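Student: Handing you this structure, nothing more for now.
The values are calculated or read from the model by the stated rules, or taken from the named source; none is laboratory data. Remember, predicted model here, so these are calculated numbers, not experimental data. Cβ placement follows ideal geometry from the backbone for every residue including glycine, while neighbour counts extend to all protein chains displayed.
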Amino acid sequence: MTAAIPDGEILVGIYRRMTRIKQNDERFRAVLKSGKLVMPYYSPRGQEVIPSAVSACLDDEDYICTIYRGVHDMIAKGIPLNDLWAEFGGRATGTCKGKGGPMHVTHPGTGVMVTTGIVGSSMPIANGLALAAQIRGEKRVSVAYFGDGASNIGAFHEALNMASVWKLPVIFVCQNNGYGEHTKYANSTAVANIAQRAASYSMPGITVDGNDPVATYLAAREAVDRARQGLGPSLIEAKTFRFHGHVFGDADAYMDKGEKDAWMAKDPVPLFRNWLIKTGLASEDQLATLEAAIELEIDEAVEFTLNSPYPDLAELHRDIYKDEVNV
Amino acid sequence: MNLPAKINTIQAINQALDDAMAADVNVIVLGEDVGDREEGGIVGVTRGLSSKYGDARVRSTPISEQAIIGAAIGAAIVGMRPVAEIMLMNFTTVAMDMIVNHAAKLRFMSGGQTHVPMVIRTMTGAGFGTGGQHADYLEAWFAHTAGIKVVAPSSPADAYGLMLSAIEDDDPVLFIENMPTYWTPGPAPERGVKIPLGKASILREGTDVTLISYSRRVLDCCAVAEKLAAEGISAEVIDLRTISPLDTETFLASVAKTGRAVIVHEAVKPFGVGAEIASLIYESLYGQLKGPVQRVGSNYAPVPFSKPLEDAHVPSLEQIEVAVRATFK
């Protein structure tokens, strides 16, 4: 079965998520530079398409497990910006009362069930979310986001094998941005494409241009439909590039400047924006209005965060176990 | 259905799992060989469950400890109550990331939005000549980790009642089963009666010295207490049952009464649970002690294979007795 080309509403929806990610990222970096907030920050700039296209195939009830480099996945899944920003700011009003931080955001209301700071650990847990849905006969699916580097850790292989043996409704989405921390893909990975690894676990594996919204949407649509129908897991490798190195403040000395310039010249956000206007699926006015509204929402989220209190110190003893402990 | 007057720990845990699965459809069992197609576990703890409750709820898994614990965590945070078996305690090392970084921490890191009501069953213990990678007691590692509970029963009846509580608990519980005493019969528990986590049990009352232990070595403490009674030394024996959270109240009250304490465990002595308990006793009862607190544990080395070495590796009754006498010096 091949998924149908998405209609204009879906495509504009994907753009809305993409620009929301881009605009938030730009503000996060600006606020970090200003010193108003301090946090470990992993810019998703350049990787906007992947979770935007995948999320267009998901509902609030569908689960995702993402990773510390996953703020775009969280935004695309729909976490309200006030809650997200406040968590990034370590405030009591954040999704996790400021106790998780950027690397551990959880927001069950939008299906963001786990954000892990450990490379490779999103996949085994996504299996468990999918297992619960399978046992209960629910139609919801789970997405595990991870990077190319995570496909070299044992948990990836254990999780894909188990998901395939049990036909779990899970979609493994590898965002291959060409680097695992500072190491280039080819220097750490023995296969040309991560998707090849799906063959070892008897599941469909597809490599797509992760900067092409339509191609990524179609791949995700097929994998999500397959999972919902009880046909089991899929592996999607979406090739992309990160514009700002591994972590905020990373000087990128290990990256080839020409390579980076070439990717940045085909920035997927303005490219898709222009395409939507050129094909008549959206007007300049419509997109400008949408972007301005997001900008206002971010203004409010930043304001909300900076005006929010830090968590009470009593939180040190809460949420360790169900009952408060004070050892 | 009533249980026979005496049952062993395998039967007790099997009964607890059976009762928990009958009571709550969210209870599922997963682990290597746990299904009946694979004989219901290598010693048969889960035997009969997949036939009774189906392969969806009782799942034999690949030999993939990270995937087993990960699946249990994911299912738990959306409301199921998985009982995941890690065949041997040494194999928990393969899944440490899932247990320590995830199961134990998700409640805290999510600000209480999610929690992980799962049980990890695992067996261990020296005595079967399984050597250095199949017999370690690693409870101190987990008790050192905030967010996970650690339970180690010493009898079939305790195993039953503690397992029911562990499954019902809203936090992750590591449940340590001693392999060499699996087949030792004991009085049967009353069906459906839970034993609370975090509460120690005073197995024998005494006035001169307190023996504090858990899991298999409780039996040794009882044997030594019996022997010493003949010569007029009255030993109180405390079975912790749960290592974390630790029932400090019970053992501190006992040591306040006796003025002497010996902690006995099969794990190696350095940096072990005994060190924590000894510190808590000194912090609270420094001026009231009648002698130095003593610790007895296994030799600080991997568990050896050769029988004479293995026998000498673990705490002996003589070592416990010597430790008790040392508290009178």
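Student: Any chance you could count how many residues in the range A:200-248 are outside any strand (DSSP E or B), among the β-branched types (Val, Ile, Thr) and at pLDDT 95 or above?
Tutor: First pass over the range A:200-248, keeping only residues outside any strand (DSSP E or B): A:200-204, A:210-233, A:240-248.
With the extra rule that they be among the β-branched types (Val, Ile, Thr), the set shrinks to A:214, A:216, A:224, A:240, A:247.
Add one more test, that the residue is at pLDDT 95 or above, and what stays is A:214, A:216, A:224, A:240.
Final tally of qualifying residues: 4.
Student: So, in the range A:135-158, of the ones that are surrounded by fewer than 24 Cβ atoms within 10 Å (Cβ to Cβ) and at the interface with chain B (Cβ under 8 Å from one of its Cβ atoms), which residue ends up farthest from A:PRO44 (Cα to Cα)?
Tutor: If we take residues in the range A:135-158 being surrounded by fewer than 24 Cβ atoms within 10 Å (Cβ to Cβ) and at the interface with chain B (Cβ under 8 Å from one of its Cβ atoms), then A:ILE135 is farthest from A:PRO44 (Cα to Cα).
Student: Still on this structure: For the range A:1-59, name all the residues that are surrounded by fewer than 22 Cβ atoms within 10 Å (Cβ to Cβ), in contact with a Lys or Arg (Cβ under 6 Å, 6 or more places away or on another chain) and assigned to a helix (DSSP H, G or I).
Tutor: none
Student: Take the residues in the range B:140-192 that are away from chain A (no Cβ under 14 Å) and hydroxyl-bearing (Ser, Thr, Tyr), then tell me which one is surrounded by the fewest Cβ atoms within 10 Å (Cβ to Cβ). Lay out the reasoning, then the answer.
Tutor: Taking the range B:140-192 as the starting set, the residues that turn out to be away from chain A (no Cβ under 14 Å) are B:140-141, B:152-164, B:167, B:175-192.
Filter once more, so that each one left must be hydroxyl-bearing (Ser, Thr, Tyr): B:154-155, B:160, B:181-182, B:184.
Numbers: B:SER154: 25, B:SER155: 24, B:TYR160: 29, B:THR181: 21, B:TYR182: 20, B:THR184: 14.
Taking the candidates together, the pick is B:THR184.
Student: Taking the range B:194-222 only, how many residues are part of a strand (DSSP E or B) and surrounded by 24 or more Cβ atoms within 10 Å (Cβ to Cβ)? It would help to see each step written out before you state the result.
Tutor: First, pick out the residues of the range B:194-222 that are part of a strand (DSSP E or B): B:201-204, B:209-213.
Add one more test, that the residue is surrounded by 24 or more Cβ atoms within 10 Å (Cβ to Cβ), and what stays is B:209-213.
Within the range B:194-222, residues that are part of a strand (DSSP E or B) and surrounded by 24 or more Cβ atoms within 10 Å (Cβ to Cβ) number 5.
Student: Moving on to the next point. Answer yes or no as to whether A:VAL119 is assigned to a loop (DSSP other than H, G, I, E, B) and under 20 Å from A:HIS246 (Cα atoms).
Tutor: Working: assigned to a loop (DSSP other than H, G, I, E, B): yes; under 20 Å from A:HIS246 (Cα atoms): yes.
Criteria met by A:VAL119.
Student: Output the residues belonging to the range A:78-115 that are within 12 Å of the chain's Cα centre (by Cα) and buried (at least 24 other Cβ atoms within 10 Å of the Cβ).
Tutor: Correct list: A:VAL105, A:VAL112, A:VAL114, A:THR115.
Student: Given the residues B:GLU190, B:GLU236, B:GLU226, which is the only one that is part of a strand (DSSP E or B) and not basic (Lys, Arg)?
Tutor: Details: B:GLU190 fails: part of a strand (DSSP E or B); B:GLU226 fails: part of a strand (DSSP E or B).
Criteria check complete, one pass: B:GLU236.
Student: Determine if the range B:175-195 includes at least one residue that is β-branched (Val, Ile, Thr), in contact with a helix residue (DSSP H, G or I) (Cβ under 9 Å, 6 or more places away or on another chain) and within 19 Å of B:HIS115 (Cβ to Cβ). First the steps, then the outcome.
Tutor: First pass over the range B:175-195, keeping only residues β-branched (Val, Ile, Thr): B:176, B:181, B:184, B:193, B:195.
Pick out the ones that are also in contact with a helix residue (DSSP H, G or I) (Cβ under 9 Å, 6 or more places away or on another chain) and you get B:176, B:181, B:184, B:193, B:195.
Still in the running and within 19 Å of B:HIS115 (Cβ to Cβ): none.
No, the range B:175-195 contains no residue that is β-branched (Val, Ile, Thr), in contact with a helix residue (DSSP H, G or I) (Cβ under 9 Å, 6 or more places away or on another chain) and within 19 Å of B:HIS115 (Cβ to Cβ).
Student: On to the next question. Taking the stated definitions as given, is A:CYS96 within 11 Å of another protein chain (Cβ to nearest Cβ), closer than 19 Å to A:SER142 by Cβ and in contact with a helix residue (DSSP H, G or I) (Cβ under 8 Å, 6 or more places away or on another chain)?
Tutor: no
Student: Can you name the residue in the range A:213-235 that is crowded, with 21+ Cβ neighbours inside 10 Å and of a type in the set (S, T, N, Q) and, of all such residues, is nearest to A:ALA195 (Cα to Cα)?
Tutor: A:SER234
Student: Just the residues that are touching a residue at least 40 places away in the same chain (Cβ under 8 Å) and buried (at least 23 other Cβ atoms within 10 Å of the Cβ), please, taken from the range B:107-116.
Tutor: Start the filter on the range B:107-116 by keeping residues that are touching a residue at least 40 places away in the same chain (Cβ under 8 Å), which leaves B:107, B:115-116.
B:ARG107, B:VAL116 - these are the residues of the range B:107-116 that are touching a residue at least 40 places away in the same chain (Cβ under 8 Å) and buried (at least 23 other Cβ atoms within 10 Å of the Cβ).
Student: For A:SER121, state whether it is crowded, with 24+ Cβ neighbours inside 10 Å, at the interface with chain B (Cβ under 9 Å from one of its Cβ atoms) and touching a residue at least 60 places away in the same chain (Cβ under 8 Å).
Tutor: Working: crowded, with 24+ Cβ neighbours inside 10 Å: yes; at the interface with chain B (Cβ under 9 Å from one of its Cβ atoms): yes; touching a residue at least 60 places away in the same chain (Cβ under 8 Å): no.
Answer is no for this residue.
Student: Scan (1) within 22 Å of the chain's Cα centre (by Cα); (2) over 30 Å from A:GLU324 (Cβ atoms) for the single condition B:LYS290 breaks and write down its number.
Tutor: Of (1) within 22 Å of the chain's Cα centre (by Cα); (2) over 30 Å from A:GLU324 (Cβ atoms), only one is false for B:LYS290: (1).
Student: Step by step: first the residues of the range B:49-60, then only those that are at the interface with chain A (Cβ under 9 Å from one of its Cβ atoms) and surrounded by fewer than 23 Cβ atoms within 10 Å (Cβ to Cβ), then the one that is farthest from B:MET179 (Cα to Cα). Which residue is that? Outline the logic, then answer.
Tutor: Here is the first cut: in the range B:49-60, the ones at the interface with chain A (Cβ under 9 Å from one of its Cβ atoms) are B:56-57, B:59.
Still in the list and also surrounded by fewer than 23 Cβ atoms within 10 Å (Cβ to Cβ): B:56-57.
Values: B:ALA56: 28, B:ARG57: 25 Å.
Ranking the candidates gives B:ALA56 first.
Student: Based on what the data block shows, is B:LEU3 touching a residue at least 40 places away in the same chain (Cβ under 8 Å), away from chain A (no Cβ under 11 Å) and closer than 30 Å to B:HIS144 by Cβ?
Tutor: no
Student: Given the residues B:ASP171, B:ASP208, B:ASP220, which is the only one that is charged (D, E, K, R), outside the structural domain of B:VAL268 (by TED's automatic domain parsing) and on the phi < 0 side of the Ramachandran plot? Before you say what the answer is, go through the steps one by one.
Tutor: Numbers: B:ASP208 fails: outside the structural domain of B:VAL268 (by TED's automatic domain parsing); B:ASP220 fails: outside the structural domain of B:VAL268 (by TED's automatic domain parsing).
None of the others qualify; the one that does is B:ASP171.
Student: Taking the stated definitions as given, is A:ARG242 buried (at least 20 other Cβ atoms within 10 Å of the Cβ) and in contact with a strand residue (DSSP E or B) (Cβ under 9 Å, 6 or more places away or on another chain)?
Tutor: On the way: buried (at least 20 other Cβ atoms within 10 Å of the Cβ): yes; in contact with a strand residue (DSSP E or B) (Cβ under 9 Å, 6 or more places away or on another chain): yes.
The answer is yes for A:ARG242.
Student: Condition first: in contact (Cβ under 8 Å) with a residue 24 or more places away in the chain and aromatic (Phe, Trp, Tyr). Now tell me which residues in the range B:272-329 satisfy that.
Tutor: B:TYR300, B:PHE305, B:PHE328
Student: Can you pull out the residues in the range B:64-85 that are of a type in the set (Val, Ile, Thr) and surrounded by 24 or more Cβ atoms within 10 Å (Cβ to Cβ)? If you could, list the steps in order and put the result at the bottom.
Tutor: So in the range B:64-85, the residues of a type in the set (Val, Ile, Thr) come out as B:68-69, B:73, B:77-78, B:83.
B:ILE68, B:ILE69, B:ILE73, B:ILE77, B:VAL83 - these are the residues of the range B:64-85 that are of a type in the set (Val, Ile, Thr) and surrounded by 24 or more Cβ atoms within 10 Å (Cβ to Cβ).
Student: Can I ask one more? Looking only at residues that are of a type in the set (Ser, Thr, Tyr) and within 10 Å of chain A (Cβ to nearest Cβ) in the range B:61-107, which one is farthest from B:ALA166 (Cα to Cα)? Break it down into steps so the answer makes sense when it comes.
Tutor: Taking the range B:61-107 as the starting set, the residues that turn out to be of a type in the set (Ser, Thr, Tyr) are B:61, B:64, B:92-93.
Now narrow it down to the ones that are within 10 Å of chain A (Cβ to nearest Cβ): B:61, B:64.
On the way: B:THR61: 22, B:SER64: 23 Å.
Among those residues, the one meeting the criterion is B:SER64.
Student: Okay, next question. Sort through A:GLY70, A:GLY120, A:GLY98 and tell me the only one that's within 24 Å of A:ALA215 (Cα to Cα) and of a type outside the set (Phe, Trp, Tyr).
Tutor: Numbers: A:GLY120 fails: within 24 Å of A:ALA215 (Cα to Cα); A:GLY98 fails: within 24 Å of A:ALA215 (Cα to Cα).
Answer to the check: A:GLY70.
Student: Test A:CYS65 against the criterion of being in a strand (DSSP E or B) and either more than 25 Å from A:SER308 (Cβ to Cβ) or modelled with pLDDT under 95 (or both), and give yes or no.
Tutor: Here the answer is yes, as A:CYS65 does meet what is asked.
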